[in-house]
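Since the structure comes first, as structure tokens, the remarks are kept for the end.
The values are calculated or read from the model by the stated rules, or taken from the named source; none is laboratory data. A quick note: this is a predicted structure, and the numbers were derived from the prediction, not measured. Neighbour counts are summed over all protein chains in view; Cβ atoms, including those assigned to glycine, are modelled from backbone coordinates with ideal geometry.
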Amino acid sequence: MALLKVKFDQKKRVKLAQGLWLMNWFSVLAGIIIFSLGLFLKIELRKRSDVMNNSESHFVPNSLIGMGVLSCVFNSLAGKICYDALDPAKYARWKPWLKPYLAICVLFNIVLFLVALCCFLLRGSLENTLSQGLKNGMKYYRDTDTPGRCFMKKTIDMLQIEFKCCGNNGFRDWFEIQWISNRYLDFSSKEVKDRIKSNVDGRYLVDGVPFSCCNPSSPRPCIQYQITNNSAHYSYDHQTEELNLWVRGCRAALLSYYSSLMNSMGIVTLLIWLFEVTITIGLRYLQTSLDSVSNPEEPESESEGWLLEKSVPETWKAFLESVKKLGKGNQVEVEGADAGQTPEAS
Amino acid sequence: MAPVLPLVLPLQPRIRLAQGLWLLSWLLALAGGLILLCSGHLLVQLRHLGTFLAPSCQFPALPQASLAAGAVALGTGLVGAGASRASLNAALYPPWRGVLGPLLVAGTAGGGLLVLALGLALALPGSLDEALEEGLGTALAHYRDTEVPGHCQDKRLVDELQLRYHCCGRHGYKDWFGVQWVSSRYLDPSDQDVVDRIQSNVEGLYLTDGVPFSCCNPHSPRPCLQNHLSDSYAHPLFDPRQPNQNLWAQGCHEVLLEHLQDLAGTLGSMLAVTFLLQALVLLGLRYLQTALEGLGGVIDGEGETQGYLFPSGLKEMLKTAWLQGWVARRPAPEEAPPGEAPPKEDLSEA
């Protein structure tokens, strides 16, 4: 009662081996694709690690890179095996290694599937690191003369221009931090002194945003300062004005960018996983059909290929038995020794 | 009837010629593909930058011509590779015999197209200067006209240009001082300062010493200063006469000119290389064709044959062509059977 038995004659076996050889080489290409996807994601995460507190998790790109390399190695090996499978002399060399190799392939497929799932599921941790990192980035916006943080202004400005976003959740985040350095404030001006005195921490807070928040699609020149003061600007109502500044927060913008990147990578990995499963099944059929050639002197004869020798419950039982035997192996020997000794004693 | 530039081709040199041709044809196909990509890229760039070039500018003709030339070069390369591969195999050659003639004609036309595109690549970038001057000037002047049909996108396009290409104004940020870039709709008529400025200007324009936000340079250590740029006392620690990183220093005219001239230069050099390759491939194919015709289409023949460019000198060719045309026209008034004239032409051509 083998699982999914298929009859193979010589021609069919040859076709199977040839087809598998071709598929394995395509799969090496697919492995290279996964590797480059992982590399691309790693570079993208590195590029913006400044706004992610340098603490983002590189688990997804690292695992994609590892899976890509492993896929290349395994599939080129499988291609070599399929190429040799048509020659009985060469195949005899590979015969003892095929069963453990197939077990490793099955394991590899399971891990590939898990990695593909991870691509979809790990955006939650990214959200937290982004939120923390952006908050810190905005705090250090004015520290352009502090070593180690002098690049933060440029990073945040270019981020807001490129991703068309403003602040952490929205432009009002800029109202709560002092983003103008004290060096450029005129302390002899009454207005500046009043503002600083009226603030509990002595910070200079304005209802203004940096220039990088400005939206070029606005019909009027950008209003950056006194945003909430309608009377400061002619014909302006800050509550109905939508085109003046970017409305989206940078956290949402970056999150959606990385999510779409990881989702598409996950889909590609799933497709490649399906391809790998097909290859593993084909390799299993090839192995069983070549092993079950009844008369080794007649390589042209018909044979049968199957997925599992017995049905699934029986195979599972046999597997459990073999595991139990391994565990009981020592015990049986000890009992035998005892039984051997007691008849001697008695 | 001496053939022009004859070359004796025994079997081994014929095979070498065919193999070398195969390689050259693939190189030609590669070069044609690269030209297609490069001119496609240039076309896409021109679509974005079209507003900043004067409408009378002929520059878009360059990528269009090189697109056509690249396509012909790609086709010539692919067919040439197939033909030279087939000429090594006696069984495959017969269907290719009829293809080689039209291929050579098409290839020569393609070569002409390549020369035309190369000429455009050398001549057109000179006209870019004036076109950019006019186009950028119009775009800056209409920056404020966000509600005038036909110019409502100018503000967004100029802002995006300055943000992406890191430039400000036409030749520098002071160009913005001479243009009213704030629309009158957003000027408060009751504000004394506004009224003063408008009255003091001859044309009634509202001019300020300020620039739009897109001129701001993110590398500056201080938050961007956009207004009162000529006034040394308006901002603490700011001296407009000192070089600073506050705004982008380059003008958009220079940046765009360099960008487009670089693209045209790259395209021009690729066109030159492709023309060379195409000429070599066509010459080789012609010699191969005439040599194999001399053998009567039997490729493996060990005999020596002669390959040539033209069966006879230029004067004799023109004479034969004229006679053929005369013979073709004569039967009509005499009502001779038209079936005689075409076979005569075929015999004299073969």
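Answer yes or no: is there a residue in segment A:160-180 that is closer than 24 Å to B:His235 by Cα, facing chain B (nearest Cβ under 9 Å), not in a helix (DSSP H, G or I) and not charged (D, E, K, R). Among the residues of segment A:160-180, at least one is closer than 24 Å to B:His235 by Cα, facing chain B (nearest Cβ under 9 Å), not in a helix (DSSP H, G or I) and not charged (D, E, K, R), which makes the answer yes. Count of segment A:1-60 residues, restricted to those that are assigned to a helix (DSSP H, G or I) and within 19 Å of A:Asp87 (Cβ to Cβ), is 15.
Being within 19 Å of A:Ser259 (Cβ to Cβ), touching a residue at least 40 places away in the same chain (Cβ under 8 Å) and of a type in the set (Gly, Ala, Ser), is that true of even one residue in segment A:58-80? The answer is yes; a qualifying residue exists. Just so you know, in segment A:211-227 the residues that are facing chain B (nearest Cβ under 7 Å) and more than 16 Å from A:Gln160 (Cα to Cα) include one that is surrounded by the most Cβ atoms within 10 Å (Cβ to Cβ), and it is A:Pro221. Filtered by the rule that a residue be polar (S, T, N, Q) and either closer than 21 Å to B:Leu114 by Cα or without any contact (Cβ under 8 Å) to a residue 60 or more places away in the chain (or both), segment B:17-49 gives B:Ser25, B:Ser39. Scanning segment B:52-66 for residues that are touching a helix residue (DSSP H, G or I) at 6+ places or on another chain (Cβ under 7 Å), in a helix (DSSP H, G or I) and surrounded by fewer than 18 Cβ atoms within 10 Å (Cβ to Cβ) yields one hit, B:Ala61.
When B:Leu157 is tested against (1) within 11 Å of chain A (Cβ to nearest Cβ); (2) in a helix (DSSP H, G or I); (3) over 16 Å from B:Gln226 (Cβ atoms); (4) free of Cβ contacts under 8 Å to residues at least 60 places away in the same chain, exactly one condition is not met: (4).
Annotation note: Cβ proximity below 9 Å between a residue of segment B:131-153 that is within 11 Å of chain A (Cβ to nearest Cβ) and a residue that is assigned to a helix (DSSP H, G or I) and among the basic types (Lys, Arg) (sequence gap 6+ or interchain) occurs for B:Tyr143/B:Lys155; B:Arg144/B:Lys155; B:Arg144/B:Arg185; B:Asp145/B:Lys155; B:Thr146/B:Lys155; B:Thr146/B:Arg156; B:Thr146/B:Arg185; B:Glu147/B:Arg185.
I'd like to know if segment B:132-140 contains one or more residues that are buried (at least 18 other Cβ atoms within 10 Å of the Cβ), farther than 30 Å from B:Thr290 by Cβ and under 19 Å from the mean Cα position of the chain (by Cα). The answer is yes, given that some residue of segment B:132-140 is buried (at least 18 other Cβ atoms within 10 Å of the Cβ), farther than 30 Å from B:Thr290 by Cβ and under 19 Å from the mean Cα position of the chain (by Cα).
Here's the yes/no breakdown for (1) of a type outside the set (Val, Ile, Thr); (2) loosely packed, with under 15 Cβ neighbours inside 10 Å; (3) within 14 Å of chain A (Cβ to nearest Cβ); (4) closer than 21 Å to B:Ser184 by Cβ:
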| residue | (1), (2), (3), (4) |
| --- | --- |
| B:Val194 | no, no, yes, yes |
| B:Val202 | no, yes, no, yes |
| B:Ser230 | yes, yes, no, no |
| B:Met270 | yes, no, no, no |
| B:Gln278 | yes, no, no, no |
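The listed residues are A:Asp157, A:Asp194, and the only one of them that is away from chain B (no Cβ under 14 Å) and in a helix (DSSP H, G or I) turns out to be A:Asp194.
Considering segment A:110-143, and only residues there that are outside any helix (DSSP H, G or I) and at pLDDT 90 or above, the residue that is farthest from the other protein chains (Cβ to nearest Cβ) turns out to be A:Tyr140. Which of the residues that make up segment A:157-172 are under 18 Å from A:Arg48 (Cβ atoms), of a type outside the set (A, V, I, L, M) and out of contact with any Pro (no Cβ under 7 Å at 6 or more places or on another chain)? Hits for segment A:157-172 are A:Gln160, A:Glu162, A:Phe163, A:Lys164, A:Cys165, A:Cys166, A:Gly167, A:Asn168, A:Asn169.
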